[in-house]
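The values are calculated or read from the model by the stated rules, or taken from the named source; none is laboratory data. Owing to the predicted nature of the structure, the values given are computational and were not obtained by experimental measurement. Here the Cβ positions follow ideal geometry from the backbone for every residue, glycine too, while neighbour counts run over all protein chains shown.
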Amino acid sequence: MSESMSPLSLPERRSHRLRVLDTPQDAEQTKETKETWIRERARLFLKERYPLSDIGVELRRRVQESMNDERLLGDLADELPTVERPRPELYRDLEFGEYKPSDIFGNQLANVQVTKGCSHGCTFCAAGADRKVETMPFPALLKIAAQMRSYEEKVAPLLDNWTAHARQKELDFLEKEHGLSDALRAEIKEYDEDGSSLHADMIVRSLFRKKNSGVHKTLLRQEFAKHPAADYVTLFQDELPARSSFFRFITNYYDSDPFDAKFSIAHDDGAFANFGDVVELLASPARPIHITTAGWSRHAKHAQAAAEKIVALYKKDPRLLFNPRVSVNEFEHTARRDPKKYLADMKSVLETLAPLGPEVLLSATDHNRSFHDMVINPLSRFVLDLHEGGSHIYAVRTHISTFSGHAVPGKGMMGRMESDHDVMACMPGIHVWPDGTVARQDFAPGSGDDTRAPKGSRPMPIGIKLYNS
């Protein structure tokens, strides 16, 4: 039966529409094709869930009135948003309630969660993810990215000033209490002159801690409390106010896989926005993005396009990403049903992401020898081949924690183990969920580690929504 004769289910209709739009339009577009594409952009704008500004409401009214008139709709073409021309003025600003923007998008921001829920349908999931995927509206990402950049641009010069101020205070203290050798002075000067001032800071700070760590911590905290940067920066517990620790990486996932993301906005060429566009919006050298994915099917064009864009962004500026990871496990739905297809899919994923030098997490229970033989061992060899071919990709065998999560009844999953490592206690700080809810996961007390939360803790809403979608 031909595709035109085949009845399409709702998900298939969405996929079919994507295939049409994912083909870049030729410069010699026919009038009919142009009209179709303008109508599609109009439909996407009307479908957007993010709240509109007064300007956006007026455009929506005009679009609705023009949907049955190709000429009127054509007159609105340049006003309709695309990824290249997103027109943020069409959408309402974020709402912070009693909080300041820096409380949310400051240096404790941990996660801008692009999707919630996960398509992989693992029979065991430490996060207990729902199979239904909710995606953050693209306009919300525009507003969030603007807040992140505003904070970084405002704070960066203050932190540079603080770094110079703190260094001088440390040097003054060392000179007074311990003296400084000519060799050390020359080393610090050399690093300053060749632009490696951060390394010079680390030398001074290391020496300071070695000489008198208690005084060091007290002095720096007292000095920082008086500095203008303190109005914008919240120190992590037990943390010294060092320039290098004010920003950290952010993530886009928790109980989800960001490559599932699909948006109601497209590029000028007709391709729908994808997770690669999110990375381009949110990542910066100050706050790179940490990605973990369980991969995607070779037929998932939106995910493949996202991966290829992320690789291109990384090649232009490697500072935009931090420690990308790919998770391979026996509980993923394709891995269970068709290990041979799963192996081919994951090889394609790894080959695409190899330029990023990702860490590949190979997870399988010891009793499932067939999965080791059919997937884990072949993928280990494949990773080694990619590595020997010049990629920095590498694989590690990981333990499957059963501290938390859910198991589908009748699938043979082992029981809960309270003594296991809690893999979800991993993102302390501020989380922004796809529906605009702001949540917070606590920092592990006394750990001195800004990537660990107390065992059993999870992000909990703090009482505000940045928008209502």
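Below are the figures for this structure:
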{"read-out": "Residues of the stretch 280-332 classified as assigned to a helix (DSSP H, G or I), closer than 29 Å to Thr123 by Cα and touching a Lys or Arg at 6+ places or on another chain (Cβ under 9 Å), total", "value": "3"}
{"read-out": "Verdict on Asp317 being closer than 21 Å to Ser380 by Cα and surrounded by fewer than 17 Cβ atoms within 10 Å (Cβ to Cβ)", "value": "no"}
{"read-out": "Hits in the stretch 62-105 - residues which are in a loop (DSSP other than H, G, I, E, B), without any contact (Cβ under 8 Å) to a residue 60 or more places away in the chain and of a type in the set (A, V, I, L, M, F, W, C)", "value": "Met67, Leu76, Leu80"}
{"read-out": "Some residue of the stretch 320-329 being over 16 Å from the mean Cα position of the chain (by Cα), buried (at least 20 other Cβ atoms within 10 Å of the Cβ) and at pLDDT below 95", "value": "yes"}
{"read-out": "Exclusive hit being of a type in the set (D, E, K, R), out of contact with any helix residue (DSSP H, G or I) (no Cβ under 6 Å at 6 or more places or on another chain) and assigned to a loop (DSSP other than H, G, I, E, B), set Asp345, Asp373, Asp385, Asp366", "value": "Asp366"}
{"read-out": "Residues of the stretch 396-405 classified as assigned to a strand (DSSP E or B) and either of a type in the set (Val, Ile, Thr) or modelled with pLDDT under 55 (or both), total", "value": "2"}
{"read-out": "Gly121 vs. criteria under 19 Å from the mean Cα position of the chain (by Cα) and either surrounded by fewer than 20 Cβ atoms within 10 Å (Cβ to Cβ) or at positive phi (or both)", "value": "no"}
{"read-out": "The stretch 258-299: number of residues that are in contact (Cβ under 8 Å) with a residue 24 or more places away in the chain, closer than 17 Å to Thr334 by Cβ and surrounded by fewer than 19 Cβ atoms within 10 Å (Cβ to Cβ)", "value": "2"}
{"read-out": "Qualifying residue in the stretch 92-102 (condition: crowded, with 20+ Cβ neighbours inside 10 Å, closer than 17 Å to Gly429 by Cα and not charged (D, E, K, R))", "value": "yes"}
{"read-out": "Every pair of residues 6+ apart whose Cβ atoms lie under 6 Å, when the first sits in the stretch 229-257 and is more than 13 Å from Val155 (Cβ to Cβ) while the second is modelled with pLDDT of 80 or more and among the aromatic types (Phe, Trp, Tyr)", "value": "Gln237/Phe443; Phe249/Phe322"}
{"read-out": "Tally, over the stretch 31-62, of residues that are closer than 15 Å to Gly74 by Cβ and among the acidic types (Asp, Glu)", "value": "3"}
{"read-out": "Looking only at the stretch 22-73, and only at residues there that are farther than 27 Å from Pro434 by Cα, among the polar types (S, T, N, Q) and surrounded by 12 or more Cβ atoms within 10 Å (Cβ to Cβ), the one that is modelled with the highest pLDDT", "value": "Ser66"}
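Each row is one residue, and each column tells you yes or no for (1) surrounded by fewer than 12 Cβ atoms within 10 Å (Cβ to Cβ); (2) modelled with pLDDT of 95 or more; (3) within 30 Å of Phe443 (Cα to Cα); (4) more than 21 Å from the chain's Cα centre (by Cα).
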{"residue": "Glu359", "(1), (2), (3), (4)": "no, yes, yes, no"}
{"residue": "Asn368", "(1), (2), (3), (4)": "no, no, no, yes"}
{"residue": "Val383", "(1), (2), (3), (4)": "no, yes, no, yes"}
{"residue": "Ala407", "(1), (2), (3), (4)": "no, no, yes, yes"}
